[in-house]
1. So in the range 253-283, with the set limited to residues that are in contact (Cβ under 8 Å) with a residue 60 or more places away in the chain and of a type in the set (S, T, N, Q), which one is surrounded by the fewest Cβ atoms within 10 Å (Cβ to Cβ)?
2. For the structure I just gave you, tell me whether Ser214 is open to solvent by 40 Å² or more (accessible area, probe 1.4 Å) and either more than 26 Å from Asp326 (Cα to Cα) or at pLDDT below 95 (or both).
3. Identify the single condition in (1) open to solvent by 50 Å² or more (accessible area, probe 1.4 Å); (2) more than 30 Å from Glu261 (Cβ to Cβ); (3) under 60 Å from the mean Cα position of the chain (by Cα) that Ala431 does not satisfy, given that it satisfies every other one.
4. If we scan the range 71-84, do we find a residue that is of a type in the set (A, V, I, L, M), in contact (Cβ under 8 Å) with a residue 24 or more places away in the chain and open to solvent by 10 Å² or more (accessible area, probe 1.4 Å)?
5. Within the range 221-271, track down each residue that is among the hydroxyl-bearing types (Ser, Thr, Tyr), farther than 30 Å from Met329 by Cα and in a helix (DSSP H, G or I).
6. Which ranges mark the strands (runs of 3 or more DSSP E) fully within the range 66-179 that have 3 or more residues being at pLDDT below 80, touching a strand residue (DSSP E or B) at 6+ places or on another chain (Cβ under 7 Å) and small (Gly, Ala, Ser)?
7. Could you check Thr417 against (1) under 30 Å from Thr249 (Cα atoms); (2) β-branched (Val, Ile, Thr); (3) surrounded by 13 or more Cβ atoms within 10 Å (Cβ to Cβ) and say which number it fails?
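The values are calculated or read from the model by the stated rules, or taken from the named source; none is laboratory data. Computed from a prediction, not measured in an experiment: that's the story for all the values here. Positions of Cβ are generated from backbone atoms using ideal geometry, with glycine treated the same way; all protein chains shown enter the neighbour counts. We work out accessible area using only protein heavy atoms, side chains counted, and drop any ligands, DNA or RNA first. Shrake-Rupley method; radii C 1.70, N 1.55, O 1.52, S 1.80 Å.
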Amino acid sequence: MGKKNPLSFRHLCLRRRTKKKLDPPTLPPPPPPQQMGQSPNTAAAGGSVPGKGKKKAGGARLWMRFDLTGRSELVECDKSTIIERAGIPARDLRILGPVFSHSSNILAREKAMVVNLEFIKAIVTAEEVLLLDPLRQEVLPFVDQLRQQLPYKSPANLHGAGPADVHDSEMQVSTGGRWLPVPEAAEGLQCELPFEFQVLEIALEVVCTYLDSSVADLERDAYPVLDELARNVSTKNLEHVRSLKSNLTRLLARVQKVRDEIEHLLDDNEDMAHLYLTRKRIHNQQLEAGGDGSNSFAIVPHLPRLSSKRSGSLVSSFLDDNDVEDLEMLLEAYFMQLDGTRNKILSVREYIDDTEDYVNIQLDNQRNELIQLQLTLTIASFAIAFETLIAGLFGMNIPCTLYKINGIFEIFVGSITAASVLLFLLVLGYARWKKLLGS
């Protein structure tokens with residue numbers, strides 16, 4: 001027993017060491033991506049439960065957030081976070097999905113505006129904008145425009161201020177530390193659009209610029225191809241025109257969708273009034289503030305209009321809930337631009353139709369020439385058939401006195417040939433007299 005114990009102990013140690021060497025090193029699981037509105041502590045705590053982390057990451061999508069001052073950040077959040085943050089129904093997120101990738105919608109909700117214009121898919125509130133898939137190649141110009149224009153267009157004193165400070169800064173202007181009355185401050189207040197309309201204006205500008213460039217590329221490619229088709233009708237040129245016409249139809253449908261959406265908003269003042277998110281937010285702050293908010297707006301209706309020709313007067317847009325002149329002028333400007341883009345596409349389509357008509361006329365002319373040639377050959381065949389008939393009759397073994405006349409063969413052949421030519425000329429002249437053949 002005394003000899004077996006050391007051997008068994010050593011054998012047991014060797015087996016334990018072998019097992020330790022074969023076991024792979026365990027690595028800690030990677031932390032899940034930080035969700036919007038989630039603190040780092042919460043994210044770290046969520047990393048201990050791999051099941052929940054995988055479930056959140058599966059439905060999360062990449063968004064870019066811009067605030068009033070133009071600061072941006074990339075966030076990854078799921079549908080429930082977006083719905084809770086923006087206060088929109090779940091069906092609005094389907095509009096921003098891949099199913100409606102080429103649709104155009106501008107929807108007004110209680111606290112947000114859902115913008116789906118071509119490749120721009122965003123949720124705009126009175127204080128921030130959430131942009132979906134900001135790293136796409138088509139969306140990068142929109143991101144650059146937001147970074148360039150929002151810090152300059154947005155008033156810096158709105159960031160970090162409370163409801164009362166925001167209300168006072170929009171109704172009065174400070175001059176050397178002294179607050180002027182509202183009528184005097186209105187003269188020095190700059191005409192600026194609310195934040196949501198600034199974002200909408202940038203989105204419309206980017207989309208219109210993209211569509212204009214697409215139409216310019218289409219025009220640059222269309223006219224040489226159509227001119228080549230007019231000169232030479234071939235299968236290759238017809239295939240180019242077919243591809244060009246399909247691209248034109250798709251581009252026209254995209255422009256028409258954006259144009260129809262803007263026209264729909266222009267036709268309904270109630271829908272345009274619902275897009276004033278900043279005005280609704282200030283009205284809600286008034287209701288929360290009680291009597292102070294109503295007294296501060298008591299003298300606003302007596303303000304003079306800052307500029308009737310320039311859209312975007314921040315004070316005038318807050319005068320009346322039914323005042324939609326600023327948004328109406330903004331939408332009308334881009335509606336006219338889209339209408340001009342649509343007219344360019346229609347002019348290209350008219351040029352294509354004219355080229356097709358010209359090609360059809362050429363083909364009809366060639367077809368008529370072939371028919372005339374066929375008719376001429378038919379008349380000649382009829383004359384030759386008449387000569388062949390006479391020759392066939394005299395070629396029968398029937399006794400005839402003409403066979404006994406010497407030198408009659410040349411005279412007879414010449415006679416029937418002359419008769420056939422005369423018959424051909426008579427029928428040809430009759431066809432031209434009936435205008436069946438051209439001159």
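1. Checking each candidate, the answer is Gln256.
2. Numbers: open to solvent by 40 Å² or more (accessible area, probe 1.4 Å): no; either more than 26 Å from Asp326 (Cα to Cα) or at pLDDT below 95 (or both): yes.
For Ser214, the condition - open to solvent by 40 Å² or more (accessible area, probe 1.4 Å) and either more than 26 Å from Asp326 (Cα to Cα) or at pLDDT below 95 (or both) - is not met.
3. Result: Ala431 passes all but (1).
4. The first filter runs over the range 71-84 and keeps only residues of a type in the set (A, V, I, L, M), leaving 74-75, 82-83.
Okay, now just the ones that are also in contact (Cβ under 8 Å) with a residue 24 or more places away in the chain, so 74-75, 82.
Still in the running and open to solvent by 10 Å² or more (accessible area, probe 1.4 Å): 74-75.
Within the range 71-84 (the criterion being of a type in the set (A, V, I, L, M), in contact (Cβ under 8 Å) with a residue 24 or more places away in the chain and open to solvent by 10 Å² or more (accessible area, probe 1.4 Å)), the answer is yes, since at least one residue qualifies.
5. Restricting attention to the range 221-271, the residues satisfying the condition of being among the hydroxyl-bearing types (Ser, Thr, Tyr) are 223, 234-235, 243, 246, 249.
Okay, now just the ones that are also farther than 30 Å from Met329 by Cα, so 223, 234-235, 243, 246.
The answer is Tyr223, Thr235, Ser243, Ser246.
6. On the way: elements: 72-77, 104-108, 113-117, 120-124, 128-132.
Fully inside the range 66-179 and qualifying: nothing.
7. (1)
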